[in-house]
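One structure is given below, encoded as structure tokens.
The values are calculated or read from the model by the stated rules, or taken from the named source; none is laboratory data. No experiment lies behind these values; they were computed from the predicted model shown. A quick note on method: Cβ atoms are made from the backbone with ideal geometry, for glycine too, and the neighbour counts reach across all protein chains shown.
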Amino acid sequence: MMLSLPPRMTPRAFICGCTGTFLRSEERKFLAETQPWGLILFKRNIEAPDQVRGLVDAFRDIVGRADAPVLIDQEGGRVQRMGPPHWPLYPPAAVYDRLPGREDRQKQELAGLIARLIARDLKAVGIEIDCLPVLDVLAAGGHGAIGDRAYSGDPHEVAAFGRAAAEGLLAGGVLPVMKHAPGHGRARSDSHFELPRVDTDRAALESVDFHPFRSLRDLPIAMTGHVVFEAIDANSPATTSPKVIGEVIRGSIGFDGLLLTDDLSMQALSGPLGARARDALSAGVDIALHCNGNLVEAAEVAAVVPPLAGRARERAEAALARIGEAKPFDPVEARARLDDALADVGRAHQSAAGQRAAGA
């Protein structure tokens, strides 16, 4: 699909994916014609450091913007796109709260240290935006789609760990993206496959689920969650709800940074891809995210999103302006501290297992 472009190759208000470890000819044509603001990478796009760097550089060359954003979900645990043999495994968020013999401050420092190590991995291959931290507060009965990706069931602890992780990324020259605003922890189903509905009252949502996002509202980028909050808008998920975005994310939470959708191709949303994108932008989201690399779907999104302009463009430019050079850092010492902490977790688990076996 050919789309007319405004002067000077202004990027459009969407982010897309690609199918493999290099850009196919049809993908190159699509990127050149549609000018997405950014590209997001997944495991299917990752092979080796030089290959990833080449993919990132190729995208930026094609769109003609040296600072064109490249994003990735590099959380640790189940959600880690870059891994062995070229990159280390990192623990899931839930591990920090379980560290034995350490004060809260030390646990938070470790969360920041790991984020700093992740930033070093990403920066080396040209990736400068990481979809981390996860600020969802773990709730009893919540679906495992969040599970150990959450730092804690205490909103204040989630905020503290999230702040540490965000500052670790920023110190490494990588932008954090807080997700999934305004909170996915109470969802009892997986939004990849169906639309979750949360019936909790507004006061509880404000004091618990929304608290970490309010505490980190100064961060440059946030991502919405595909969740219906019945106490606020019983008809639309947060991603496409003007009430949730206007009253909660921009209102009571007070976030005025760049707001992205979660992946529009997730089955929590219904209707054609173009309609999903249009509804999200109309609701107040700045940039639509389409991840699966399907060019037919991506073309539907590209056909309806406008050139990035006005307040959305100002937010995007302000976010990218916060990317800096990595601060001095000793990765060997940092990795040794991480290994020591994880060894303590392993010993604690072995001891607990031994005690259970003795009791039996």
Set 109, 103, 75: member being without any contact (Cβ under 8 Å) to a residue 40 or more places away in the chain and within 21 Å of residue 166 (Cα to Cα): 103
Yes/no for residue 99 being out of contact with any Cys (no Cβ under 9 Å at 6 or more places or on another chain) and at pLDDT 95 or above: no
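Pull up region 195-248, narrow it to residues that are among the β-branched types (Val, Ile, Thr) and assigned to a helix (DSSP H, G or I), then point me to the one that is nearest to residue 152 (Cα to Cα). Write out each step before concluding.
Initially, region 195-248 is screened for residues among the β-branched types (Val, Ile, Thr), giving 198, 200, 208, 221, 224, 227-228, 232, 239-240, 244-245, 248.
Filter once more, so that each one left must be assigned to a helix (DSSP H, G or I): 208, 239-240, 244-245, 248.
Details: 208: 12, 239: 24, 240: 27, 244: 24, 245: 25, 248: 22 Å.
By that ranking, first place goes to 208.
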Condition met for residue 83 (of a type outside the set (Lys, Arg) and in a helix (DSSP H, G or I)): no
Condition check for residue 260: of a type outside the set (Gly, Ala, Ser), farther than 27 Å from residue 170 by Cα and either in contact (Cβ under 8 Å) with a residue 24 or more places away in the chain or not in a loop (DSSP other than H, G, I, E, B) (or both): no
Residue within region 117-124 that is at pLDDT 95 or above, within 15 Å of residue 180 (Cβ to Cβ) and surrounded by fewer than 22 Cβ atoms within 10 Å (Cβ to Cβ) present: no
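Restricting to region 146-183, give me the number of residues that are within 17 Å of residue 92 (Cα to Cα) and either under 14 Å from the mean Cα position of the chain (by Cα) or not small (Gly, Ala, Ser) (or both).
To start, the set of residues in region 146-183 that are within 17 Å of residue 92 (Cα to Cα) comprises 146-154, 157-166, 168-169, 176-180.
From what is left, the residues that are either under 14 Å from the mean Cα position of the chain (by Cα) or not small (Gly, Ala, Ser) (or both) are 146, 148-151, 154, 157-158, 161-163, 165-166, 169, 176-180.
Count: 19.
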Candidate set from region 38-59 (those that are out of contact with any strand residue (DSSP E or B) (no Cβ under 6 Å at 6 or more places or on another chain) and touching a residue at least 60 places away in the same chain (Cβ under 8 Å)); member that is surrounded by the most Cβ atoms within 10 Å (Cβ to Cβ): 52
Condition met for residue 210 (more than 19 Å from residue 288 (Cβ to Cβ), in contact (Cβ under 8 Å) with a residue 24 or more places away in the chain and aromatic (Phe, Trp, Tyr)): yes
Odd one out for residue 251, checked against (1) within 30 Å of residue 91 (Cβ to Cβ); (2) assigned to a helix (DSSP H, G or I): (1)
All positions within region 251-268 that are of a type outside the set (S, T, N, Q) and surrounded by fewer than 16 Cβ atoms within 10 Å (Cβ to Cβ): 251, 254, 256
Residue within region 75-84 that is at pLDDT 95 or above, touching a helix residue (DSSP H, G or I) at 6+ places or on another chain (Cβ under 7 Å), of a type in the set (A, V, I, L, M, F, W, C) and under 21 Å from residue 150 (Cβ atoms) present: yes
Residue list for region 64-74, restricted to those being surrounded by fewer than 19 Cβ atoms within 10 Å (Cβ to Cβ) and closer than 17 Å to residue 30 by Cβ: 64, 65
Residue match in region 105-121 (condition: in a helix (DSSP H, G or I), under 27 Å from residue 187 (Cβ atoms) and of a type in the set (S, T, N, Q)): yes
Count - residues of region 1-32 that are in a helix (DSSP H, G or I) and either at pLDDT below 95 or in contact with a helix residue (DSSP H, G or I) (Cβ under 8 Å, 6 or more places away or on another chain) (or both): 9
In region 159-203, residue surrounded by the fewest Cβ atoms within 10 Å (Cβ to Cβ) [restricted to those that are farther than 26 Å from residue 70 by Cα and touching a helix residue (DSSP H, G or I) at 6+ places or on another chain (Cβ under 8 Å)]: 200
Residue count, region 89-100 (criterion: in contact (Cβ under 8 Å) with a residue 60 or more places away in the chain and closer than 12 Å to residue 161 by Cα): 4
Among (1) over 18 Å from residue 304 (Cβ atoms); (2) small (Gly, Ala, Ser); (3) not in a helix (DSSP H, G or I), the one test that residue 265 misses: (1)
Checklist (1) at pLDDT below 95; (2) in contact with a Ser or Thr (Cβ under 9 Å, 6 or more places away or on another chain) applied to residue 107, failing item: (2)
